[in-house]
1. Which of the residues that make up the range B:111-147 are farther than 22 Å from residue A:193 by Cα and within 7 Å of chain A (Cβ to nearest Cβ)?
2. Based on what the data block shows, is residue A:73 within 14 Å of chain B (Cβ to nearest Cβ), under 13 Å from the mean Cα position of the chain (by Cα) and in a helix (DSSP H, G or I)?
3. Across the range B:1-29, what is the number of residues that are modelled with pLDDT of 95 or more and loosely packed, with under 13 Cβ neighbours inside 10 Å?
4. Could you please tell me which pairs satisfy a Cβ distance under 9 Å, a separation of 6+ or placement on different chains, a first residue in the range B:55-75 that is more than 10 Å from residue B:43 (Cα to Cα) and free of Cβ contacts under 8 Å to residues at least 40 places away in the same chain, and a second residue that is within 14 Å of DNA strand D (Cβ to nearest atom) and assigned to a helix (DSSP H, G or I)?
5. Has the range A:34-46 got at least one residue that is within 12 Å of DNA strand C (Cβ to nearest atom) and at pLDDT below 50?
6. For the range B:30-39, check the following and say yes or no: at least one residue is within 15 Å of DNA strand D (Cβ to nearest atom), more than 14 Å from every other protein chain (Cβ to nearest Cβ) and surrounded by 12 or more Cβ atoms within 10 Å (Cβ to Cβ).
7. Being in the same structural domain as residue A:119 (by TED's automatic domain parsing) and buried (at least 16 other Cβ atoms within 10 Å of the Cβ) narrows it down to one residue among A:148, A:168, A:202, A:177; which is it?
DNA sequence: AGCTTATTGGAACATTGTTCCATATAGCAT
DNA sequence: ATGCTATATGGAACAATGTTCCAATAAGCT
């Protein structure tokens, strides 16, 4: 109800040296999320980490979703800010996509949140940054919106999958073995079935996610450039 | 612990006319999911719907996730089965993609589940069906795996977003108004900021999701066909 | 100094998925 | 028919969670 700051000014003067604030709460949340995953972020764990009670936390944030959104914003804004600047359109778009990919690879819970809430401001930022390069890249005017959308959808899709993988393969699990197990289940028993999967099974268990991600971005860009202006 | 059927044969003879079974439970779950969304699928609601107790349900399914997976499998298998058969590669891939899109549009919770568990057997089926057409379509051999992956990622990304939209805009909400609100938040106040988003804001709030989805598929396919064989 | 408001900590609540268990039923052997 | 055993059922009980509530505190203002 009475959320953060209905007062006139921001509370410049801290209550104590370690006073609570949205920023400090988000920081603590990110620590927990990175260390032990999304399921470990409970209000009790967070309160313990901050040496306070859950009620105090609710004074600064609206609810758990608000907290996850703020943590996601934090992580993505930082990643996009310290991105290398590029001059050439294709390289620039690739750099943006990879910055997002790497941020989500490092913080899979953020990817899960973006998939769940695609209207998050970070998505707007990604959409804008990518969209701005489509004209210089030579994507026809009437294809630019669809192209930016396709790229955003693709990036969010990969984000969600990375988050799912991180959830399923917590550190220490043998990635290759897990992928082989999935491939085996997909291929099924019948030796006639699923010829395509059989053919690419080795690639499935050995491929590099990051490299494959870039390949997908390149497909979309190449396809959008090829498109004839109507 | 003792999951379904450790007995020698399947229980051919039903206990009662309305005996419980995994199929009946999944059917009831789908009814609840379609009618009132994913959050409404609780074991208590399900037990009430089936006029039984939650313990009885656990005899047939492992846990909530197993139930969602089975419901997703059901819905997607049905959609892929009754798909129109196509002869031409591009049309065939489009038809597969649209069958998945439409199934998830009708059952957004299934999209959410697929995003959360990309190793679901339905994803294997989609991957295989699409992959099988890439050779006839003319996608270079060494690009086929990446192309099928990109398409699958893209489809799952859109699936997740559709699920999120359905969660945020339950029937009756004005879609256009909601999209305009998102666009306004994304564009921010500063009239100089976000030029691309400003330019496409109208498209953002008026576009057709299904048509835009197809455009994205076409980009990926066109891009994959253009790619030079290394 | 007193008063008001912002903030805190933790108890209490409602709801969830899941487990447990006492009971009932069907099929089978005798 | 009659008991026996594995299968199946219904609902109570449990642990965990997000959220709300509230009494107590500390800061800033007059």
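1. Once the filter is applied, which keeps residues that are farther than 22 Å from residue A:193 by Cα and within 7 Å of chain A (Cβ to nearest Cβ), the range B:111-147 yields B:115, B:116, B:117.
2. yes
3. Of the residues in the range B:1-29, 1 are modelled with pLDDT of 95 or more and loosely packed, with under 13 Cβ neighbours inside 10 Å.
4. Partner pairs satisfying both residue conditions: B:56/B:47; B:56/B:50.
5. So far as the range A:34-46 goes, no, none of its residues is within 12 Å of DNA strand C (Cβ to nearest atom) and at pLDDT below 50.
6. Looking through the range B:30-39, none of the residues is within 15 Å of DNA strand D (Cβ to nearest atom), more than 14 Å from every other protein chain (Cβ to nearest Cβ) and surrounded by 12 or more Cβ atoms within 10 Å (Cβ to Cβ).
7. A:148
Every residue, every condition in (1) within 14 Å of chain B (Cβ to nearest Cβ); (2) under 16 Å from residue A:27 (Cα atoms); (3) away from DNA strand C (no atom under 16 Å from the Cβ), yes or no:
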{"position": "A:50", "(1), (2), (3)": "no, yes, no"}
{"position": "A:78", "(1), (2), (3)": "no, yes, yes"}
{"position": "A:84", "(1), (2), (3)": "no, no, yes"}
{"position": "A:102", "(1), (2), (3)": "no, no, yes"}
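The values are calculated or read from the model by the stated rules, or taken from the named source; none is laboratory data. If you're wondering where the values come from, they're calculated on a predicted model, not measured in any experiment. All Cβ positions, glycine included, derive from the backbone under ideal geometry; neighbour counts span all protein chains shown.
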